[in-house]
1. How far is the Cα center of segment 1-47 from the Cα center of segment 70-91, in Å?
2. Step through the table entries Lys2/Lys67; Lys2/Lys88; Lys28/Lys88, compare each Cα-Cα distance with 21 Å, and write down the pairs that go over it.
3. Between Asn32 and Ile6, take the C-beta separation as r, use R0 = 22 Å, and let me know the FRET efficiency to the nearest 0.05.
4. For the chain, place one equal point scatterer on every Cα, skip the solvent, and apply the Debye formula. What is log10 of I(q)/I(0) at q = 0.14, 0.17, 0.19 Å⁻¹?
5. Under 10 Å, Cα contacts only: if you run a Gaussian network model on the chain, which one of Gly65, Gly35, Gly23 comes out with the highest mean-square fluctuation?
6. Among Ala78, Ala64, Ala53, which one shows the highest mean-square fluctuation when the chain is modelled as a Gaussian network with alpha-carbon springs under 10 Å?
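Throughout, read-outs are computed from the coordinates displayed, never taken from laboratory work. All figures in this text were calculated on a predicted structure; none of them were measured in a lab. A quick note on method: Cβ atoms are made from the backbone with ideal geometry, for glycine too, and the neighbour counts reach across all protein chains shown.
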Amino acid sequence: MKRTMIAAQGEVRVYKIDAVPAGIITRKPELNRQGAAIISHSEQGHHHVVADADVMERTDDVPAGMKIFYAICKDPTALKQDAPVPHKRIDLDGGSIYEFRVAREFDPFAEQIRRVTD
């Protein structure tokens with residue numbers, strides 16, 4: 001699978017890919033009130049979301065503390081933050097497939113891996 005990083009928004013890294021990996025296990029993602037797929041939660045409720053795409057969350061072979069999503073975009077859409085003063089939107093091309101990886105970090109004092117917060 002070819003993967004090219006195209007952008008980052010807070011803790012979310014966005015990659016354009018040529019195909020969803022074969023044989024993976026996925027589930028439907030959580031949706032916000034407007035029906036957009038939540039890619040990453042914010043402590044203040046200002047989530048990173050994608051609307052108007054077929055989004056799935058990978059559930060197998062995902063490193064601890066990380067989340068991986070795939071979006072098949074038939075039409076142009078965007079990764080947006082639903083906040084009063086959001087991050088800049090990341091436009092996603094129609095007819096393309098994207099992978100979103102929610103970053104994680106290691107806290108040497110707590111000796112644990114945790115999700116990066118935005």
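1. 10 Å
2. Distance filter (> 21 Å) returns Lys2/Lys88; Lys28/Lys88.
3. That pair, Asn32 with Ile6, gives E of 0.45.
4. Here log10 of I(q) over I(0) equals -0.56, -0.83, -1.03.
5. Gly23
6. Fluctuation is largest for Ala64.
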